[in-house]
Structure formats: structure tokens, C-alpha cells
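**Q** The structure's right below; bear with me while I get my questions together.
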Amino acid sequence: MLQSGAAGGRGCALCPLLGVLFFQGVYIVLSLEIKADAHVWGYVGENIKLKCTFKSTSSITDKLTIDWTYRPPSSSRTESIFHYQSFQYPTTVGTFRDRISWVGDVYKGDASISIINPTIKDNGTFSCAVKNPPDVYHNIPGTELTVTEWGFGTMLSSVALLSILVFIPSAVVGVLLLVRMGRKSAGLKKRSKPGSKKSSIEVSADTDQEKDDRMAKLCVCCAECLDSDYEETY
């Protein structure tokens, strides 16, 4: 969005806060949107991904920077844990030393990182800031991380989930097979009872069998007649 600056050449005190740049008599509204998960849960010892995505109106250049910061619970103190500008620069000091891994792709608008071997002490707020000049003004979203221990309740819930996904479908299949076998058995018993009405398929099968028997008997009679005629000739 462009707006002429001829409105008196007067300065705009709020322009830096609103992401507006005054250049050659024209106010240019900059736009850089960042999104991150509001809350992330994880377990001790299992790598946790902190997702952060961004959209910029400017092309990605080597001037793009990404900064992740961490703030402990009930504290206003923040510390830098990751910096990116063409290359990745994880922190080399503090509790996150050697435990931050870059998993993003700036050309796809991804500024995500991963925490290796997290502990309960990592609980707190993580913030993702992206600058892609001239897009430098934006919101800075925060992600609340909660890391918990693997406990009996967690293991129990995992076992219950496994049962739902594996054992219950197997039991349903088994019941269906038993029902089908029971129906077949009942059908065989019903057919074996004297005087029971046969189905059209069974009647057809019996008729075909009777025809075959009659044809066989006719063939035998013909053969006997031919033999007798042959003997009388001699």
C-alpha cells in the first residue's frame, strides 16, 4: 500500500512502530508476518521442535536474520539461544549450549529450531524474531514450552493407545470370523435335517446328479444290448 507524502512533508511519529518507511516522498507500508505455536509439550530426553514460519513481501537475501530468545518462567530475563544470517549460529554458552539444532529453511519461510535432549529446566517462553530488510517490523510471537517426565500415567496411556490401535481391531476381526463360522455351521445342520427344504442351488445340483445317473444307466443298458446282439450273431 502506497500513500503520497505530499500531505505537507510532515514527519510521521508512528511510522517506525507501524512498519512504514518514508522514501523519496512516498510512505511504503512494510509487511512481515510471523507465526509460531502458542504452546508446545514434550518429554525429557525426546527432541522437541519449536516451529516458526514467516511471510515477507521482500525477496530473501543474505541480509535476512533470525533470532531465537529464551525467557525462564516467572522472570523478565531473556537470553539469546540461536542466530541465523546465511549460516546457523547456535549459542555456545548457557544451558542450551550444543543443544539447539536448525531445522528450518528460509527460502520456504521456515525458521524452526529443535531442542536436543530437553529437560524440565528448559520450561519457559521462546520467541522467534525475523528481519528481512526492508521488512523489519513485525510481531514477535512467543511459544510456551512445557517439558515433563515420563511417568506411570504416561506409560499407561501409551499402553491404552496401543491396545486401541492394535488389539481391538484384531478382536473385532476374530468376532466376525466366529460369527461367520457359526452361520455356516448352522446352515450345514439345517441342511442335514430330514424334510428340510433345499435351496434352489441344492435342488439344481440334485437334478443334475439324477440326470448323470440316468445317463450312466442308459449307457450300461446300451452296452449290454450290443454285447447280446454280438453273441447271437455267432
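**Q** Enter the accessible area of residue 150 (Å², nearest 10), with the probe set to 1.4 Å and all protein chains included.
**A** For residue 150, solvent-accessible area is about 110 Å².
**Q** Okay, moving on. Once both labels are modelled 7 Å past Cα along the beta-carbon direction, what's the residue 177-residue 43 spacing in nm?
**A** 3.2 nm
**Q** Can you tell me the accessible area per residue over the stretch 54-160, all protein chains present, probe 1.4 angstrom, in square angstrom?
**A** Value returned for the stretch 54-160: 56 Å² of accessible area per residue.
**Q** I've got another one for you. Cβ under 9 Å from residue 70's Cβ, residue 70 left aside: what net charge do those residues give with Lys, Arg +1 and Asp, Glu -1?
**A** -1
**Q** Here's a follow-up. Once amide H atoms are built 1.01 Å from N in the peptide plane, which residues 5 or more positions from residue 111, or in another chain, come under 5 Å H to H?
**A** Hits under the 5 Å cutoff: 52, 53, 54, 105.
**Q** State which entries of 55/131; 35/63; 35/121; 63/108 exceed 18 angstrom in Cα-Cα distance in the structure shown.
**A** Among 55/131; 35/63; 35/121; 63/108, the Cα-Cα distance tops 18 Å for 35/63; 35/121.
**Q** Using θ = phi - 60° and the Karplus form 6.51 cos²θ - 1.76 cosθ + 1.60, what ³J(HN,Hα) does each residue of the stretch 111-125 get, whole Hz, x for Gly and Pro?
**A** 10, 7, 10, 10, 9, 8, 6, x, 10, 5, 5, 7, 4, x, 10
**Q** Shifting gears a bit: Nearest 0.05, what FRET efficiency do residue 95 and residue 149 give at R0 = 22 Å with Cβ-Cβ as r?
**A** 0.80
**Q** Let me ask something else. Taking Cα centroids, how far is the stretch 33-65 from the stretch 78-93 in Å?
**A** Using only Cα atoms, the two centres lie 14 Å from each other.
The values are calculated or read from the model by the stated rules, or taken from the named source; none is laboratory data. Note that the structure is predicted; figures quoted are calculated from it, not measured. Every residue, glycine among them, receives a Cβ derived from its backbone with ideal geometry; neighbour counts consider all protein chains shown. To get the accessible areas, we keep the full protein, side chains included, count just its heavy atoms, and leave off ligands, DNA and RNA. Shrake-Rupley method; radii C 1.70, N 1.55, O 1.52, S 1.80 Å.
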